[in-house]
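Report on the following structure.
Any read-out appearing in this document is the output of simple, stated calculations on the displayed coordinates, not a laboratory observation. Everything numeric in this text was worked out from a predicted model, so none of it was measured. Glycine also receives a Cβ, built like all others from the backbone with ideal geometry; neighbour counts cover every protein chain displayed.
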Amino acid sequence: MNDSSGSPPPPSPEINEADLQAELQQLRIEHKDISDAVDALEAIGQADQLQIRRFKRRKLILKDRIRQIEDQLTPDIIA
């Protein structure tokens with residue numbers, strides 16, 4: 001049966017674990033880099049507060065994505 005709604009097909013059940021691991025590593029690096037940048041900006045005392053808020057918002061987005069990937073990589077165990 002064809003879906004004529006134009007919506008994309010559902011995600012493949014076969015998730016490429018290597019790709020997820022690579023993305024996870026990259027996201028962790030970016031998260032740490034932003035964290036270091038925020039710490040440095042706050043240390044100088046005259047930092048742009050808007051820029052710091054943007055960095056912190058980006059960190060939260062990265063953290064959420066990191067958790068999503070970790071959940072995909074961790075199998076569900078029913079106790």
Legend entry - Boolean, I61 is part of a helix (DSSP H, G or I) and either touching a residue at least 40 places away in the same chain (Cβ under 8 Å) or at positive phi (or both): no
Legend entry - Subset of the stretch 33-48 [in a helix (DSSP H, G or I) and touching a Leu at 6+ places or on another chain (Cβ under 9 Å)]: I34
Inset, instruction - Could you grab the pairs with beta carbons closer than 6 Å, sequence gap of 6+ or different chains, first residue in the stretch 19-32 and in contact (Cβ under 8 Å) with a residue 12 or more places away in the chain and assigned to a helix (DSSP H, G or I), second one of a type in the set (D, E, K, R) and loosely packed, with under 12 Cβ neighbours inside 10 Å? - result: none
Inset, instruction - Determine if the stretch 68-76 includes at least one residue that is in contact with an Asp or Glu (Cβ under 7 Å, 6 or more places away or on another chain) and of a type in the set (A, V, I, L, M, F, W, C). - result: yes
